[in-house]
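The values are calculated or read from the model by the stated rules, or taken from the named source; none is laboratory data. Treat the numbers as computed from the prediction; the structure is a model and nothing was measured. Cβ atoms come from the backbone with ideal geometry, glycine included; neighbour counts cover every protein chain shown. What goes into the accessible areas is simple: the full protein's heavy atoms, side chains included, and nothing from ligands, DNA or RNA. Shrake-Rupley method; radii C 1.70, N 1.55, O 1.52, S 1.80 Å.
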Amino acid sequence: MRMEPDGSHPTFMEMATRSPSPLAEPAAPRPAAGPSRSLFASYRTLVRRSTAVGLTLIAMTAAAQSPEPTQRRTGKAVVALTIRGDQAVQNDLRQIVAAESKLQKAGGTAVTLLQRARTQRDLVVKALRAEGYYGSHVAARVAGQDIDAVAALDAIDALPAGADVPVEIAVDTGPRFIVRRIDIELSGAPADAVARDKLPLAVGQPAVAAKILATDEDILGQLQRRGYALARIAKRDVLIDHDTQAALITWRVESGPPAGMGPVTFRGLQRTDADFLARRVPYKLGDPYHPDRLDALRTRLTDLGIFSSVRIVRADALDAEGRLPVEVDVVERLPRTIGFAASYATSEGVGVRAYWQHRNLTGEADSLRLSAEATGLVDHKLIDTGFAVTAVYRKPDFLRVDQALTTQGAILREISDAYRRRSASVGMGLERTIDKGFVVRAGVAVESEIVQTAERRDTYLPVSVPLGLTLDRSNDVLDPSRGFRLALDAIPYFELGNAGKPFVKLRATGSTYFDLAGGGTTVVALRASVGVMPGATKDAVPPDKRFFAGGGGSVRGFDYQSAGPRDIDHRPLGGQSIVEGSVELRQRLTETIGAVAFVDAGTAYAGPFPGKGDGPRLGAGIGVRYYSDFGPIRADIGVPLNRRPGDSRFGLYVSIGQAF
C-alpha cells in the first residue's frame, strides 16, 4: 500500500499562512519518506511562493546559454485545455484557466511568458487535488516543447515577436478519491461534545477541500456552542492512500475549559455613550458562553443605525473568573445627513421630497428627522399644489431595551380630485420589537383639519389611537426577492369637534415573494389588502379618512383615488371598505436593468364591508427597473382593463423602490 501526506489542497495553506486562528495548523517540514501530516496548500499561495524561485532558475539557465537577454514579445500565453476522465470538473478547470488568462498582461520576455504558462498548469494541478483527484496527471507543452524543458525558452524565442505563445495542457483526471476514515481525537471535553454524524464530511464522500474546511469550522462551532470558547484544532492529518484511492483524515482537537460570558469594552466611540451601549448587551456576566450571544450583541448594536462598522474581538484567554472578555470595535457614522427624492405620476404630477436627520442627538442613538414634501408640481398651478412639513423624534430603549418612543408633528395641505385638506397634527407612540422584523405599535394622535369637497366644507378635530403590528420576513427593504410581509392596523377615531359617532378603521395587508431562478433574477411578487370600517356611517367618517383605491401604489392604470365610488362628475368619493390585489413578474436582464409585467385589481366600496357595488377595477402594464446603489428606480406604465367614462387611458409612475 502506497500512502503519502497530501500537501497541496487549496485554502488550507492559505489559512495557515494568513491567520493565527484555531482553524490554522502550523506547517511542518515534509519527511523524505513514509506517511506524515501535512496541510492542503492553496494553489494560489504555492504559485506565488514558487514564482520568484522559478523565475530565478529559468533566468540563470537562459543566461548560461546566451549572453544576450531574450527579446521582449507582445503576445500572450494562450491555453488549449483537453480533459480525459471525469468530465464533471471540465467547466471548473476552464473557468480557472480563463480567469487567470484575463489577469495576464500581453507582452514580456520568453522567461515571463514561460512562467505564466507554468502558472496556468499549476492552477490546474492544484484545482484537481482540491476536488479530490489525487491520482490525476497533467502534461503541458509550450510552443511545442515540454513546459519544464530548457528548450521551451528557445521555442518561445523562435516564434514571431507579435505571435501568441501556444500552451497545451492535457489532463487525465483519474478517479476521485473517497474519504475512508474520519477520526476526531478530542481532549478536554466529553467525546460526545462533537456529533460526528452532523459533520459536513462523512465517510464515503469525495475528499474535497471545501468539505474538510467546513468540517474544521463545524467541529469548533459545536464545541463553542457547548461553552468551549477557546476550542482549537491542534493538528489535522490527511493521508492519501493511492492503492485504495482513499483519504484518511484525523483531527486532534483541544477544547480548553468551559467559559462564561465576560465583560464587554467598547472602542472607537466618539459621540455615543458607552453606558447606553452596555445596557444593550444581551447577556449577564458569567452566563455560559455561546457564540449566538455575540451575534445578538452585534445585531443589537447594528440595529441602532449609528455605526458603519461593528467588529467583535474575542480575547485570547479567559480572565481569572473563567470568563471570556470581549472588545467591540465600532466606527460611528456621521451624525447628520440630508436626502432628496422625486416621483412622478400622470394623475398627480411631480413630487419632491427632502429631509435632514440627526441620528445621534444625545449620544443614545436618539434621532430627529425634519422633512418637507411638495406634490402636484409642474402639471398644476401653485394653488393646486400640496405640501407637508414633518418633524419626528425617536428615542430607542425607552423604559426597556426593545422599545422606542416616537413623537411627531406635521402640517400639510393635500390637494386631490376627492377633496382639499389642511391639517395640523401631533402624536406620540411606542414601538416594541418582539423579534427581528416583528414590531407592535400603539399611540395617540390629535389632529385639527379642514376638509373641503365639491358639496361641503367641514372642520374636524379627531383623536385617534393607532394600533398595529408588522411582520417582515423579506430579504430586502427596497427590493425583496423572497420571504413575506404582513401589516395589521386598527385605528379607533373619536371626534371632539362635533358629536360624531366614533368609528374604527381596520386594514390588513400582506405580500410575498418567490425567487424562481435563484439569485433574485426572476421573482414573482404577490400582494393583497383588505380594509373595513365595521359599524361606521358615511357621515361619521371624514372624507380623508375613507378608503381610496387607484394609483401607483394601488391599481396602476387608474388615477389616484379613482378606483371606487364616484359622483356624477366622476370625482372620487371614497368608501368604507376596500379590496386590492397585485401580481407582478420581475425579471432582471442585466446587473442594473430589469423589466416587470403586472396585473392589479381593487376598488373601494361604499359600505362598511366589501362586496356591494361595482366589481374591482383591473389594470395591467409593464415597467422597467434601474438597480442603483441605493435601491431600484422604477418606471411603470399601466392601462385600465375595464375603463369607465372619465377614466384615464393610461398611467405613468416613476419613483424609488418596488411597487410593493
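Annotation: extensible slack from Lys538 through Asp402 equals 45.0 nm (criterion: 0.36 nm per residue apart, minus Cα-Cα distance). May I ask for the net charge around His570, where only other residues with Cβ less than 15 Å from the Cβ of His570 are counted and Lys, Arg are +1 while Asp, Glu are -1? Taking every Cβ under 15 Å from that of His570, the sum is -1. Reducing the range 523-552 and the range 578-616 to their Cα centroids gives an inter-centroid distance of 14 Å. The label-point distance for Ala191 and Glu455, in a model that sets each label 7 Å from Cα toward Cβ, rounds to 8.5 nm.
Accessible area per residue for the range 118-183 is 38 Å², calculated with a 1.4 Å probe on protein heavy atoms, without ligands, DNA or RNA. Atom-type composition of the exposed protein surface of the chain places 57 percent of the accessible area on carbon and sulfur (1.4 angstrom probe). For the chain, the residue among Val463, Val165, Leu114 whose Cα projects farthest onto the positive side of the dipole built from Cβ charges is Val463.
Each peptide in 428-435, 388-395, 133-140 gets a packing score, the mean of other Cβ atoms within 10 Å over its residues, and the list from highest to lowest is 133-140, 388-395, 428-435.
If the label point is 7 Å along Cα→Cβ of Asp146, which residues in the range 85-101 have backbone nitrogen under 20 Å from it? No residue passes the distance filter. Since only Val281, Ala601, Ser577 are under comparison, the one whose Cα sits farthest along the positive direction of the charge dipole of the chain, derived from C-beta charges on Lys, Arg, Asp and Glu, is Ser577. The residues of the range 611-660 have, on average, 53 Å² of accessible surface per residue, using a 1.4 Å probe with all protein chains present. In the chain, taking the dipole from charged Cβ atoms about the Cα centre, the farthest positive-side position among Val392, Ala152, Val89 is held by Val392. Subtracting the Cα-Cα distance of Ala274 and Ala158 from their residue separation scaled by 0.36 nm leaves 34.7 nm. Placing R0 at 35 angstrom, the Cβ-Cβ distance between Thr592 and Val463 gives a FRET efficiency of 0.15 after rounding to 0.05.
Length available on full extension from Leu488 to Arg473: 0.36 nm per residue minus the Cα-Cα distance, which gives 3.9 nm. Here the contact order of the range 282-424, divided by its residue count and restricted to Cα pairs under 8 Å and six or more residues apart, works out to 13 percent. Restriction of the GluC sites (Glu not before Pro) in the range 506-595 to DSSP coil positions whose beta-carbon has at most 13 other beta-carbons within 10 angstrom yields Glu591. Modelled spin-label separation between Val440 and Arg333, with each label point placed 7 Å from Cα along the Cα-to-Cβ direction: 2.8 nm. For the chain, the mean residue ellipticity at 222 nm estimated from helices alone is -5000 deg cm²/dmol, where every DSSP H run of n ≥ 4 contributes -39500 (n - 2.57) and the total is divided by all residues, rounded to the nearest 500. Accessible surface calculations at 1.4 Å, restricted to protein heavy atoms, place the range 298-356 at 55 Å² per residue.
Net charge in the neighbourhood of Ala140 (other residues with Cβ under 9 Å of its Cβ; Lys, Arg +1, Asp, Glu -1) is 0. Is the range 263-403 rounded, prolate or oblate when judged by the Cα gyration tensor, a ≥ b ≥ c being the square roots of its eigenvalues, rounded requiring a/c under 1.5 and prolate requiring a/b larger than b/c? Prolate, because a/c is 1.5 or more and a/b exceeds b/c.
Overall, the anisotropy analysis places the range 89-184 in the prolate class: the square-rooted eigenvalues a ≥ b ≥ c of its C-alpha gyration tensor yield a/c not less than 1.5, with a/b exceeding b/c.
Straight distance only, please: which aspartates and glutamates reach the Cα of Lys105 with their own Cα at less than 13 Å, same-chain residues fewer than 8 apart left out? Leaving aside aspartates and glutamates fewer than 8 places away in the same chain, those within reach of Lys105 are Asp164. When Thr509, Thr244 are compared by accessible area at a 1.4 angstrom probe, the order from most to least is Thr244, Thr509.
In a simple Cβ point-charge model (Lys, Arg +1; Asp, Glu -1; nothing else charged), the range 317-381 has a dipole of about 440 debye relative to its Cα centre. Dipole check for the chain: with +1 at the C-beta of Lys and Arg, -1 at the C-beta of Asp and Glu, and the Cα centre as origin, the magnitude is about 580 Debye. Only protein heavy atoms count here; on that basis, with a 1.4 Å probe, Arg546 has an accessible area of about 50 Å². Ligands, DNA and RNA aside, Val78 has an accessible area near 70 Å² when probed at 1.4 Å. Placing dummy labels 7 Å off each Cα toward the beta-carbon, the span from Val624 to His242 is 6.1 nm. What does the C-alpha gyration tensor say about the overall shape of the range 362-416? Classify as rounded when a/c is under 1.5, otherwise prolate if a/b is larger than b/c, or oblate. Judged from the Cα gyration tensor, the range 362-416 comes out prolate (a/c at least 1.5, a/b above b/c).
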